[in-house]
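The values are calculated or read from the model by the stated rules, or taken from the named source; none is laboratory data. What you see is a predicted model, and the numbers here were worked out from it, not measured in a lab. Heads up, the Cβs are rebuilt from the backbone with ideal geometry, glycines too, and the neighbour counts pull from every protein chain shown. With ligands, DNA and RNA removed, areas are computed over all heavy atoms of the protein, side chains included. Shrake-Rupley method; radii C 1.70, N 1.55, O 1.52, S 1.80 Å.
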Amino acid sequence: MPRLLTLTLSLLAVWAVLGASAASAQKLRVVTSTTDLKSLTEVVTGDLAEVDAMARPTQTPHDVEVRPSLMVKVRRADAMIVNGLDLDNWADVVAEGANNPNVIPGARGRIDASRGILVLEVPKTRVDRSMGDVHPSGNPHYTLDPGMAAAVTQNILEGLARIAPQHRAAFERNRQQFLARVDEAMGRWDAMLAPYKGSPVVVNHALWIYLLTRFGLVQVGTVEERPGIPATANHVVKLVNLMKEDRVKVVVAEPWSDFKLVQRVAQEAGAKAAILAATVGSVKGTDTYLEAVDFNVKTLAQMLK
Ligand SMILES: [Zn+2]
């Protein structure tokens with residue numbers, strides 16, 4: 001091959017590589033604490049960002065071990081989106097460990113998705129975390145309610161538009177398209193659960209209050225003694241009695257719960273137990289936000305039948 005041609009070809013190869021990495025460098029790099037927030041961020045960014053969740057879908061987002069691999073994930077991030085309300089305080093440790101000034105608390109690329117949300121189950125007295133209660137600022141599991149999608153994606157959009165104002169219009173278009181799909185699905189979900197309005201439900205961990213409240217179901221007890229605190233024998237006896245009195249038919253648990261215990265409680269009270277998708281991807285076939293909500297609503301409707 002003539003030398004000049006070889007040289008030209010290898011230069012072209014170099015340009016191709018540089019061009020490709022320049023294109024991916026233009027993509028925003030976003031990390032989220034949970035898979036719910038990953039899914040809700042992707043609907044806003046479309047292909048303008050690479051979005052990665054720090055917590056795996058199969059683990060409780062309350063308790064994520066801060067490993068060096070997480071810090072590597074966060075080192076070059078342009079933005080970090082957190083759930084807030086004390087669900088994911090571990091994200092602060094990751095941000096600091098990653099030594100990334102873009103995403104430490106207070107930085108421009110740090111986005112708290114809970115801004116402006118009406119928080120349920122706020123303790124009336126000060127909760128001492130040393131007692132083990134993992135909901136000291138109220139219930140942090142607001143993403144389970146599809147009615148929160150508008151507020152959460154608005155917070156994500158505002159945060160990302162701060163660091164990438166050139167994409168604001170595209171983000172807004174993507175978000176509106178997604179919210180139209182949520183609206184359409186909400187009609188179906190409402191219809192599915194409408195016959196069961198006012199039905200009593202028991203849950204394992206207090207993870208479901210936003211979802212239940214949205215569709216008019218009533219949480220009457222939890223298998224855990226308090227959020228994050230396992231049941232005592234005495235608590236289980238009281239709960240089973242209450243379930244019999246209230247004719248509770250359904251106990252809902254998260255995939256990482258002690259499901260044997262949950263099933264035993266349900267059985268003793270003459271109820272059924274089911275695992276719902278506590279996070280996007282935690283149950284088979286729930287890899288997007290809409291699929292997760294859909295699974296949860298359908299399972300509840302089936303069990304309440
Ligand atoms: Zn919780």
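Brief remarks on what is shown
- Among 152, 203, 72: highest mean-square fluctuation, GNM of the chain, C-alpha pairs under 10 Å: 72
- Residues whose amide H falls under 5 Å from that of residue 219, counting only those 5 or more places apart or on a different chain, are 201, with hydrogens built in the peptide plane.
- Folded to 0 to 90 degrees: helix 259-268 orientation relative to the chain principal axis, Cα: 20
- In percent, rounded to a whole number, the relative contact order of the chain is 15, using alpha-carbon pairs under 8 Å and six or more apart.
- For segment 209-305, the solvent-accessible area of protein heavy atoms averages 48 Å² per residue (probe radius 1.4 Å; ligands and nucleic acids excluded).
- Candidate cross-link partners of residue 284 among the lysines, defined by an alpha-carbon separation under 28 Å and a same-chain spacing of 8 or more, comprise 38, 73, 197, 249, 260, 272, 298, 305.
- Stokes-Einstein diffusion for segment 172-305 at 37 °C, viscosity 0.692 mPa s, with a Kirkwood radius from C-alpha pairs, works out to 213 µm²/s.
- Length released on extending from residue 173 to residue 58, taking residue separation times 0.36 nm less the Cα-Cα span: 38.2 nm
- Within the full protein context, the accessible area of residue 131 is estimated at about 110 Å² for a probe radius of 1.4 Å.
- Bins of 10 Å, starting at 0 and running to the largest distance - Cα pair percent for the chain: 6, 25, 31, 20, 10, 4, 2, 1, 0, 0
- Cβ-derived FRET efficiency at R0 45 Å, residue 166 paired with residue 264, nearest 0.05: 0.20
- In the full protein context, segment 54-135 carries 55 Å² of accessible surface per residue, based on a 1.4 Å probe and ignoring ligands, DNA and RNA.
- Accessible-area value, residue 282, 1.4 Å probe, nucleic acids and ligands omitted, Å²: 20
- Beta bridges from DSSP with both residues in the chain: antiparallel share about 5 percent, rounded to the nearest 5.
- Across segment 90-96, rounded Karplus estimates of 3J(HN,Hα) from the backbone phi angles (6.51 cos²θ - 1.76 cosθ + 1.60, θ = phi - 60°) give 4, 5, 4, 5, 5, 4, 5 Hz, Gly and Pro being marked x.
- For the pair segment 138-153 and segment 70-119, the centres of their Cα atoms are 18 angstrom apart.
- Crossing angle, helix 168-193 versus the chain [Cα axis fit, 0-90 degrees, rounded to tens]: 20
- Around the Cα centre of segment 241-305, unit charges on the Cβ atoms of Lys, Arg, Asp and Glu (plus for the first two, minus for the last two) sum to a dipole of about 320 debye.
- Highest mean packing first, where packing is the average number of other Cβ atoms within 10 Å per residue, the peptides 173-180, 140-147, 249-256 line up as 140-147, 249-256, 173-180.
- Anchor residue 124: aspartates and glutamates whose Cα lies under 18 Å away (excluding residues fewer than 8 positions away in-chain): 86, 133, 225
- By the Cα gyration tensor, segment 113-242 has an equivalent ellipsoid whose semi-axes, rounded to whole angstrom, run 34, 21, 9 from largest to smallest.
- Principal-axis tilt of helix 35-45 within the chain, Cα atoms, nearest 10 degrees: 50
- Surface share of carbon and sulfur [accessible, 1.4 angstrom probe, percent] for the chain: 55
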